[in-house]
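Only the coordinates and a few stated rules stand behind these numbers; no lab work does. Since the structure is predicted, the reported quantities are computational estimates derived from the model, not experimental observations. Backbone-built Cβ (ideal geometry, glycine too); neighbour counts: all protein chains shown.
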Amino acid sequence: MHKLIFKKEVIHEKLNRIKKTFIGKPVHFDKKGYPYSLFTLTDYSPPMEPSLLEDMADLLVHYGDFRNVDLIVSEADRGGGPLAHAVSMRTNIPYSLANWYPSGGPGELHVAASVGFSGCGSIFLNGVKKGQNIILVDDLLSSGGTALALIQAVLKGEANVKQALFVGEKVLMLGRQKLEKKFPIPIISLIKFKAEAGYTKECVIPGR
């Protein structure tokens, strides 16, 4: 089963639980002026409750389109791994996690990546086969650097990216715009937020 259908009241309840972990959090700035907040999903502050991760995975599968998808791709760092695993368990679709260091295995895909809070580096992705349909699942869309690198790695492997799903989206960092400019794929995020007066504040998603 690749689709989960929930009643509106259940969706509302799950979204509210998720929202509380992203909204009203202090915003800090690093030496380069990059805005950063600590979240349960990305920094495990506070630690992740299993039921909360299940809510996130449930809604990603509810809103995503997993028909004819061969592989789920995410990153091993931060919340990507747990999310990809939870979504895989719901859809019975295998997943592969990109790492920030090489394994040296045959067929490993290597692309450069530029991430707002950590700078420039490279990601390494295994398990992608030519012609596969792939869906991207990750914790947070911010500057878009990680997502861009993941998509580029998939395309380098001559596979297709069908959709990109995120739990949170930091709208002022323009990651969505960067992705849409380079790749014509649907992008879905459960919670949109921005920094305002030193704290994160929700941006309402039309139709939700």
task = Rank G79, G64, G24 by mean-square fluctuation in a GNM of the chain with C-alpha springs under 10 angstrom and give only the top-ranked residue.
result = G24
ask   = P(r) tail for segment 62-126, what percent of Cα pairs lie past 21 Å?
value = 32 percent
query = Size of the dipole of segment 1-145 about the Cα centre, Lys and Arg at +1 and Asp and Glu at -1 on the beta carbon, nothing else charged, in debye to 20?
reply = 280 debye
ask   = R0 = 41 Å: FRET efficiency of H28 with E158, Cβ-based, nearest 0.05?
value = 0.50
inquiry  = From the mean inverse distance of alpha carbon pairs (Kirkwood) and the Cα radius of gyration, derive Rg over Rh for the chain.
reply    = 0.94
message = Can you work out the Karplus-derived ³J(HN,Hα) for every residue in segment 185-193? Use 6.51 cos²θ - 1.76 cosθ + 1.60 with θ = phi - 60°, whole Hz, and x for glycine or proline.
response = 10, x, 10, 10, 10, 7, 10, 10, 8
note = GNM of the chain, Cα pairs under 10 angstrom: of S103, S122, S143, the biggest fluctuation goes to S103
note = Within the set Q152, Q163, Q177, GNM on the chain using Cα springs under 10 Å gives the largest fluctuation to Q177
key: Loop-resident sites, segment 139-186, for GluC sites (Glu not before Pro), counting at most 14 other Cβ within 10 Å (DSSP)   = E158
remark   = Taking alpha-carbon centroids only, segment 12-57 lies from segment 109-184 a number of Å equal to 20 Å
ask   = Can you give the calculated 222 nm mean residue ellipticity of the chain, where each DSSP H run of n ≥ 4 adds -39,500 (n - 2.57) and the sum is split over every residue, rounded to the nearest 500 deg cm²/dmol?
value = -9000 deg cm²/dmol
note = The residues D65, D139, D77, sorted from fewest to most surrounding Cβ atoms within 10 Å, come out as D65, D77, D139
